[in-house]
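Read the structure below first, then the notes.
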């Protein structure tokens with residue numbers, strides 16, 4: 001292996017290939033995705049993240065950022081060579097067992113449809129379900145926060161019923177409101193602040209997901225669970 005190889009290390013464990021790639025001059029991306037979201041792999045990544053952060057297993061570690069079936073590791077390249085850091089990650093992955101995080105549970109009230117749920121009818125067309133059936137399915141599921149990213153406090157939620165899986169919009173919207181309840185592919189979310197979005201907006205919630213003055217600033221964390229509850233009639 002050399003420093004300039006795009007993939008520094010590859011190992012095999014639990015029938016999945018682990019790809020460790022350079023991420024800039026001081027980062028490594030450990031990617032274990034191999035298709036649809038895998039809860040067991042995510043729990044192993046959470047356990048690896050905890051081990052790195054709390055047990056100081058990697059010399060020169062600066063920061064870790066859990067993603068959806070991946071983990072970004074920022075380190076000081078003056079304290080460890082990238083190839084050596086990649087080998088540490090690969091070896092740790094082989095010995096890490098899945099460990100669910102004990103998060104908090106949140107109940108979010110949602111007003112479905114209407115001007116602030118403008119894609120509910122489109123979702124009905126694409127799935128062959130009526131609006132009430134979509135609301136029933138969406139609100140009956142329990143969602144887990146897999147990762148926080150994309151924008152401050154934005155939760156990537158897994159647990160969306162397969163009947164509601166629809167590809168992202170071909171043309172993203174430049175701005176949707178804070179509190180928008182969205183779905184795309186096999187994931188769901190709700191917006192902590194206004195911003196651009198290519199997901200489908202099916203409702204709105206009074207949700208304050210990010211406060212720059214709070215510690216921690218994001219309300220939700222990986223391992224938290226959410227349930228959505230309909231508020232009023234579907235519009």
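Here are the numbers:
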{"read-out": "In the range 183-206, residue surrounded by the fewest Cβ atoms within 10 Å (Cβ to Cβ) [restricted to those that are assigned to a loop (DSSP other than H, G, I, E, B), touching a residue at least 60 places away in the same chain (Cβ under 8 Å) and more than 18 Å from the chain's Cα centre (by Cα)]", "value": "206"}
{"read-out": "Which numbered condition residue 135 fails, given (1) closer than 23 Å to residue 106 by Cα; (2) outside any helix (DSSP H, G or I)", "value": "(2)"}
{"read-out": "Residue match in the range 222-232 (condition: in a loop (DSSP other than H, G, I, E, B) and over 30 Å from residue 44 (Cβ atoms))", "value": "yes"}
{"read-out": "Qualifying position, being at pLDDT below 95 and surrounded by fewer than 17 Cβ atoms within 10 Å (Cβ to Cβ), among 95, 105", "value": "95"}
{"read-out": "Residue in the range 73-89 that is within 28 Å of residue 160 (Cα to Cα) and at pLDDT 90 or above present", "value": "no"}
{"read-out": "Selection from the range 123-175 of residues that are in contact (Cβ under 8 Å) with a residue 60 or more places away in the chain, closer than 16 Å to residue 195 by Cα and surrounded by 17 or more Cβ atoms within 10 Å (Cβ to Cβ)", "value": "148, 153, 155, 156"}
{"read-out": "Criterion: within 30 Å of residue 216 (Cα to Cα), at pLDDT 95 or above and part of a strand (DSSP E or B) - qualifying residue of 160, 175", "value": "175"}
{"read-out": "Filter result (surrounded by fewer than 18 Cβ atoms within 10 Å (Cβ to Cβ), within 17 Å of the chain's Cα centre (by Cα) and either without any contact (Cβ under 8 Å) to a residue 60 or more places away in the chain or within 25 Å of residue 119 (Cβ to Cβ) (or both)) within the range 219-235", "value": "225, 227"}
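The values are calculated or read from the model by the stated rules, or taken from the named source; none is laboratory data. In this text the structure is predicted, and so the values were computed from the model without any measurement. Backbone-built Cβ (ideal geometry, glycine too); neighbour counts: all protein chains shown.
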